[in-house]
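K.L.:
Handing you a structure now.
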Amino acid sequence: MTELSEKILSSYQARKTKKQKTAFIEFMKSEIPSLRVEEGGFLKSRNLVVGDVKRARVVLGAHYDTCAVLPFPNLITPKNFPFLILYGILIALPFIALMVGTELLLNYLTDNFYFAYYTALLVFLVSYFGVFMLGFPNKHTVNDNTSGVITLCEMMEICREQGIHDIAFVFFDNEEMGLIGSSYFRKLHKSEMKDTLLINFDCVSDGDHMLFVLNKPASERYEKAFAEAFVSSEKKTVHLEKAQNTYYPSDQKGFPVSVAVSAMKKARVLGLYLDRIHTKKDTVMDETNLAYICDGTTRLLTKLSENIP
């Protein structure tokens, strides 16, 4: 890894609060003088952009904001929809139980249905969203998404060294709050991104199954190029999947031509899955993943540059 990537990994893993984000932004500006901040939209997201989006043939992205620490992992199974639904229900059950218990207690104490009902609903909303979005910052965010941030930093250096031009890089804000930063970026650059390929790196350092989720336009135009650039090896297995039948909720959503990149594990029952994120166990940085993704992305960008006049 570059010195910049090492510093981010060692000193800037927590990027949840405004103060933490500001510290990271100031550090990045000191390391990358050409970096600019595009601020605005809901929650005043601060996206960090390097390069000219208007001239870019490809935009590489990753969210830099980080999550609250949770007592359970945000387990994602992109190809196993029944498990996703069941897991979501199981996570919601304690909050539903708290809501029902609150309503029963208030009904007993006050004999006021409306007061009990709306107070219980408020308790549910505050507790559910408080735990998931407003809790204490997770200090361990190696995979989600320090790995994506580092991938962008590594690719910036590779593009500089190899003279790969017309590539823009964007570090999205507020992904954990509902893809808000990328939504603002998409609106701000609507005309530029109409036909431009966005490749989004999210959780790429923990797992040997490399997942590429291509939306329909990306699949039609670039699936062959991705298949040639990213080839399964003895240690890494490639999965090229279509977004229509694959669940991966990250910043590529909503872009006209987009690909999500993630590292997965695989089990017989679950299929492909992503674990440990949003917990204190998010500490795995497999540098062979970064090397594999950067090498493949470099081949892809070079191939696309050769084929586009």
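K.L.:
Need the failing condition index for residue 197 against (1) within 16 Å of residue 49 (Cβ to Cβ); (2) in contact (Cβ under 8 Å) with a residue 12 or more places away in the chain, just the number.
P.N.:
(1)
K.L.:
From (1) farther than 17 Å from residue 78 by Cα; (2) modelled with pLDDT under 95; (3) β-branched (Val, Ile, Thr), pick out the condition that doesn't hold for residue 269.
P.N.:
(1)
K.L.:
Provide a single number: the residues in region 8-29 that are in contact with an Asp or Glu (Cβ under 8 Å, 6 or more places away or on another chain) and in a helix (DSSP H, G or I).
P.N.:
1
K.L.:
Quick one: in region 261-304, of everything that is among the small types (Gly, Ala, Ser) and crowded, with 23+ Cβ neighbours inside 10 Å, which residue is farthest from residue 209 (Cα to Cα)?
P.N.:
Among residues in region 261-304 that are among the small types (Gly, Ala, Ser) and crowded, with 23+ Cβ neighbours inside 10 Å, the one farthest from residue 209 (Cα to Cα) is 262.
K.L.:
Let me ask another. So, in region 245-260, exactly how many residues are aromatic (Phe, Trp, Tyr) and buried (at least 16 other Cβ atoms within 10 Å of the Cβ)?
P.N.:
2
K.L.:
Here's another thing I want to ask about it. Please state which one of 222, 184 is surrounded by fewer than 23 Cβ atoms within 10 Å (Cβ to Cβ) and in contact with a strand residue (DSSP E or B) (Cβ under 9 Å, 6 or more places away or on another chain).
P.N.:
222
K.L.:
Another question about this same structure. Which numbered condition in (1) part of a helix (DSSP H, G or I); (2) hydroxyl-bearing (Ser, Thr, Tyr); (3) out of contact with any Asp or Glu (no Cβ under 9 Å at 6 or more places or on another chain) is the only one that residue 191 fails?
P.N.:
It fails just one condition, (1).
K.L.:
Right, next: Could you tell me which of the residues 175, 157 is closer than 12 Å to residue 5 by Cβ and at pLDDT 95 or above?
P.N.:
Among 175, 157, only 157 is closer than 12 Å to residue 5 by Cβ and at pLDDT 95 or above.
K.L.:
Also, quick follow-up: Could you tell me which numbered condition residue 87 fails, if it satisfies all but one of (1) over 24 Å from residue 296 (Cβ atoms); (2) touching a residue at least 24 places away in the same chain (Cβ under 8 Å); (3) surrounded by 15 or more Cβ atoms within 10 Å (Cβ to Cβ); (4) within 24 Å of the chain's Cα centre (by Cα)?
P.N.:
(2)
K.L.:
Can you confirm whether residue 43 is assigned by TED's automatic domain parsing to the domain that holds residue 253, hydrophobic (A, V, I, L, M, F, W, C), farther than 23 Å from residue 159 by Cα and under 20 Å from the mean Cα position of the chain (by Cα)?
P.N.:
yes
K.L.:
Another question, then. So which residues in region 200-219 are touching a Gly at 6+ places or on another chain (Cβ under 9 Å) and buried (at least 24 other Cβ atoms within 10 Å of the Cβ)?
P.N.:
Within region 200-219, 200, 201, 202, 203, 204, 205 qualify.
K.L.:
One residue is enough: does region 249-266 have a residue meeting the conditions touching an Asp or Glu at 6+ places or on another chain (Cβ under 6 Å) and among the β-branched types (Val, Ile, Thr)?
P.N.:
no
K.L.:
If I filter region 232-264 down to residues being among the charged types (D, E, K, R) and assigned to a loop (DSSP other than H, G, I, E, B), which single residue comes out as farthest from residue 182 (Cα to Cα)?
P.N.:
234
The values are calculated or read from the model by the stated rules, or taken from the named source; none is laboratory data. Just so it is clear, the structure is predicted and the values come from calculations on it, not from any experiment. So basically every Cβ, Gly included, is an ideal-geometry build from the backbone, and we count neighbours across all protein chains shown.
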